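Participant: Have a look at this one before I ask anything.
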Amino acid sequence: MHTAADLRDPAVRRALAGCDVIAHLGFQLWRGRDAEGVNLGGTANVVAVAPARIVLASSAAVYGGWPDNPLPLSEDDPARPNRQCPYAEHKLDAERRCAEAAPTVSLRICAVLGPHADPLVKKASAGLRQAVPAARGRRQALQFLHEDDAAAALLTAVKQSDAEGVYNIAPEGWLDERGVADVSGGRVMRLPFPVLLYGSELARRLRIMDMGADRAVLLNGPLALDPSKAARDLGWKARQGSAEVLREFLAA
């Protein structure tokens, strides 16, 4: 049976009542009207039904983009969301709420690309054919995961009843700005970080771009994940690397 409802609606609680495992993927990706209400209100509905287990689709963004990030980031490294990225703050809050309510697997997933990608992600990725933005003086490290690999990680976590805790979900290795440019054919555009941040937000407000400072801030430092814990504990490993995923996505 399928129930179509606003994630904040009481109908969600009725639909989820009695579930042994809930895979919580419902989140508003972009800043917009009441994103906090959708994200945290939806999570409140999930935990209110007291499931036996929760599998949460979290995000690599909870680590934040910082110049002193280790490369790669492990699950033992602190989560430090950038204040300009409410989405990351909401994800970290959801991790905490779920873990307090039930045994939870929080999958911190890197950027996901594939045929069913969000239209805004498609639009932004297409722009890489012309220009690859980079923060001057900052080390860059980006990862791209195919949607099939992301789905496999979620399914694996749902099936493993003894799994609990935080897991990084990403391909092995990463791309710097030159690596992205080699794949996309675009030109690396290096800007001072404050200019990149301000320019992105201005472009969003003028509706030239759909992503603003909330995503540009993630270029403030390397943001690549070490997926070895997921391989060891869950038996999950990405089938495609970042370059292959990005190349296939742009070609499509």
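Participant: Evaluated at 4 °C with a viscosity of 1.567 mPa s, what Stokes-Einstein diffusion coefficient in µm²/s does the chain have when Rh comes from the Kirkwood expression over alpha-carbon pairs?
Facilitator: Translational diffusion coefficient: 69 µm²/s.
Participant: Here's another thing I want to ask about it. Can you give the extra length, in nm with one decimal, that the chain gains between Leu202 and Val21 once fully stretched, where that is 0.36 nm per residue apart less the Cα-Cα distance?
Facilitator: Numbers: separation 181, 0.36 × 181 = 65.16 nm, distance 4.22 nm.
This chain segment gains 60.9 nm when fully extended.
Participant: Ok, one more. What size of dipole, in debye to the nearest 20, comes out for the range 155-252 about its Cα centre when the only charges are +1 on Lys and Arg C-beta atoms and -1 on Asp and Glu C-beta atoms? Please list the in-between numbers first.
Facilitator: Numbers: 13 positive and 13 negative charges, 60 e Å.
Magnitude of the dipole: close to 280 debye.
Participant: Run through all the Cα pairs of the range 54-190 and give the fraction in each 5 Å bin from 0, expressed as whole percent.
Facilitator: 2, 9, 16, 20, 22, 16, 8, 4, 2, 0
Participant: Also, quick follow-up: So for each of 118-131, 239-252 I average, over its residues, the number of other beta carbons within 10 Å; can you give me the resulting order with the highest mean first?
Facilitator: 239-252, 118-131
Participant: Can you give the charge dipole size of the range 10-251 about its Cα centre, rounded to the nearest 20 debye, using +1 on the beta carbon of Lys and Arg and -1 on the beta carbon of Asp and Glu? Working shown, then result.
Facilitator: Details: 30 positive and 28 negative charges, 168 e Å.
Value, rounded to 20: 800 debye.
Participant: Another question, then. Using 0.36 nm per residue of separation minus the Cα-Cα distance, give me the extension gain between Ser161 and Ala50 in nm, one decimal.
Facilitator: Extending this stretch completely gives an extra 38.4 nm.
Participant: While we're here: Angle between the Cα long axis of helix 193-205 and the longest principal axis of the chain, 0 to 90 degrees, nearest 10?
Facilitator: 70
Participant: Quick one: of the DSSP bridges fully inside the range 10-251, what percent are antiparallel, nearest 5?
Facilitator: Antiparallel: roughly 5 percent of the beta bridges in the range 10-251.
Participant: Based on other C-beta atoms within 10 Å, arrange Asp20, Asp226 from fewest to most.
Facilitator: So the residues, fewest neighbours to most, are Asp20, Asp226.
Participant: Between Lys237 and Arg96, with labels modelled 7 Å along Cα→Cβ, what's the label distance in nm to one decimal, could you check?
Facilitator: 3.6
Participant: Evaluated at 37 °C with a viscosity of 0.692 mPa s, what Stokes-Einstein diffusion coefficient in µm²/s does the range 1-113 have when Rh comes from the Kirkwood expression over alpha-carbon pairs?
Facilitator: It diffuses with D of about 223 µm²/s by this estimate.
Only the coordinates and a few stated rules stand behind these numbers; no lab work does. What you see is a predicted model, and the numbers here were worked out from it, not measured in a lab. For neighbour counting, all protein chains shown are included, and Cβ atoms are generated from backbone atoms with ideal geometry for every residue, glycine included.
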